[in-house]
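Visitor: Let me begin by handing over the structure; questions about it come next.
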Amino acid sequence: MNEHRTEHRKIEQNYPRRQTVTLAGAASTAAMLATMLLIGCTPLPPSKPASEFTPQEARGAAVFQSHCARCHYPTTTHGLHGPGLQALTKVKAMPSGAPPTDARITQTILYGHGMMQPVAVSDSELNDLLAYLHTL
Ligand code: HEC
């Protein structure tokens, strides 16, 4: 457990700091995502593009926007108020060291975790949100 935590911190420190990258015509979402990958997320598996979302994943993205986005970035591991959630379900451990299973994530959302307060979502919102989190 402790080893996991230390390892995770080391990985975070190894991500290069945000830089301003000027790309001609970088306004497109695709270019922005590519830039973010180049900046710091290269070792992580890629997120599913929003254009390929199932209806459930799209609903989950909306739940994320209204309930989670003010504290978590979905497309990077850089922290906002809480840790960035890119590749959340694809890595071995969440920042706490716990495995990123649906059960643990559900527990985090409904009951809070450490500095994170519980977030009130309905069962269907929760299911949609979990589907979306798997795309990150
Ligand atoms: C008001 C800010 C805030 C909101 C809103 C919020 N979180 Fe968090 N979240 C945090 C903070 C802060 C942490 C770090 C908690 C800690 O380790 O003490 C965290 C941690 C987490 C973790 C990592 C848990 C772990 O075991 O390492 C996950 C996953 C997570 N949040 C998911 C979500 C999801 C999904 C939502 C939306 C339903 C959400 N959060 C809404 C602040 C927030």
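Since every read-out is calculated from the coordinates, none of them should be taken as a lab result. For clarity, every value in this text was computed on a predicted model and none was experimentally measured. Neighbour counts run over all protein chains shown; Cβ positions are idealised from the backbone, glycine included.
Visitor: Do we have Gly82 as in contact with a strand residue (DSSP E or B) (Cβ under 7 Å, 6 or more places away or on another chain) and either part of a helix (DSSP H, G or I) or within 11 Å of the ligand (Cβ to nearest atom) (or both) here?
Guide: Values: in contact with a strand residue (DSSP E or B) (Cβ under 7 Å, 6 or more places away or on another chain): yes; either part of a helix (DSSP H, G or I) or within 11 Å of the ligand (Cβ to nearest atom) (or both): yes.
The answer is yes for Gly82.
Visitor: Taking the condition of being surrounded by 13 or more Cβ atoms within 10 Å (Cβ to Cβ), assigned to a loop (DSSP other than H, G, I, E, B) and not hydrophobic (A, V, I, L, M, F, W, C), how many residues in the range 87-136 meet it?
Guide: Residues in the range 87-136 being surrounded by 13 or more Cβ atoms within 10 Å (Cβ to Cβ), assigned to a loop (DSSP other than H, G, I, E, B) and not hydrophobic (A, V, I, L, M, F, W, C): 9 in total.
Visitor: Is it true that some residue in the range 37-59 is aromatic (Phe, Trp, Tyr) and either part of a helix (DSSP H, G or I) or at positive phi (or both)?
Guide: Checked against the condition, which is being aromatic (Phe, Trp, Tyr) and either part of a helix (DSSP H, G or I) or at positive phi (or both), the range 37-59 yields no hits at all.
Visitor: Taking into account only those residues within the range 93-136 that are polar (S, T, N, Q) and either under 15 Å from His72 (Cβ atoms) or within 7 Å of the ligand (Cβ to nearest atom) (or both), which is nearest to the chain's Cα centre (by Cα)?
Guide: Per the criteria, the residue is Thr135.
Visitor: So, in the range 54-79, how many residues would count as being more than 10 Å from the ligand (Cβ to nearest atom) and aromatic (Phe, Trp, Tyr)?
Guide: 1
Visitor: Anything in the range 63-106 that is touching a Phe, Trp or Tyr at 6+ places or on another chain (Cβ under 9 Å) and in contact (Cβ under 8 Å) with a residue 60 or more places away in the chain? List them, or say none.
Guide: Once the filter is applied, which keeps residues that are touching a Phe, Trp or Tyr at 6+ places or on another chain (Cβ under 9 Å) and in contact (Cβ under 8 Å) with a residue 60 or more places away in the chain, the range 63-106 yields Val63, Phe64, Pro74, Thr77, His78.
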